[in-house]
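One structure is given here, and the rest of the page talks about it.
The values are calculated or read from the model by the stated rules, or taken from the named source; none is laboratory data. Quantities reported herein were computed from a predicted structural model and do not represent experimental measurements. Quick reminder, even Gly has a Cβ in these numbers, built from the backbone with ideal geometry, and neighbours come from all protein chains shown.
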Amino acid sequence: MSQVQVSVSVDNVHLHQIGQISQQLRLYGMNVEQILSSIGVINGSIQSELLNSLYQIEGIKNIETQQNYQLLPPNFDIQ
């Protein structure tokens, strides 16, 4: 099981319920790390196989996984 970082967007109709939605996300297995109430975004992590279950929560507009990139050191020879 791999953890993925996610940003969950709450639709405008449910913005006033962002606290309750974050509690539901926790019940579905998400580790909520940050709630940005003013823009309707909840950041955190979840097991990848549980990701799609979050769409069952009323008020969820979009779920984006965060991508990580690692650059090679500046002195690394290009092949």
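Can you tell me which residue within region 54-79, out of those that are at pLDDT below 80 and either of a type in the set (A, V, I, L, M) or surrounded by 13 or more Cβ atoms within 10 Å (Cβ to Cβ) (or both), is nearest to the chain's Cα centre (by Cα)?
Leu71
Within region 32-39, can one find any residue that is loosely packed, with under 11 Cβ neighbours inside 10 Å, modelled with pLDDT of 95 or more, more than 11 Å from the chain's Cα centre (by Cα) and β-branched (Val, Ile, Thr)?
yes
Filter region 7-54 for residues that are assigned to a helix (DSSP H, G or I), closer than 18 Å to Thr65 by Cα and out of contact with any helix residue (DSSP H, G or I) (no Cβ under 9 Å at 6 or more places or on another chain) and give the result.
Ser22, Arg26, Ser48, Glu49, Leu50, Leu51, Asn52, Ser53
With respect to Val4, determine if the residue is outside any helix (DSSP H, G or I) and touching a residue at least 24 places away in the same chain (Cβ under 8 Å).
Numbers: outside any helix (DSSP H, G or I): yes; touching a residue at least 24 places away in the same chain (Cβ under 8 Å): yes.
Criteria met by Val4.
Consider Leu51 against the criteria (1) modelled with pLDDT of 95 or more; (2) in contact with a Ser or Thr (Cβ under 8 Å, 6 or more places away or on another chain): it satisfies all of them except one. Which criterion is unmet?
(1)
With respect to Gln23, is the statement that it is of a type outside the set (A, V, I, L, M) and modelled with pLDDT of 95 or more true?
Spelling it out, Gln23 is indeed of a type outside the set (A, V, I, L, M) and modelled with pLDDT of 95 or more.
Cβ-Cβ distance below 6 Å, separation of 6 or more or different chains: which pairs start in region 30-57 with a residue that is farther than 10 Å from Val8 by Cα and end on one that is at pLDDT 95 or above and part of a loop (DSSP other than H, G, I, E, B)?
Hits for this filter: Ile46/Gly29; Ile46/Met30; Leu50/Gly29; Ser53/Tyr28.
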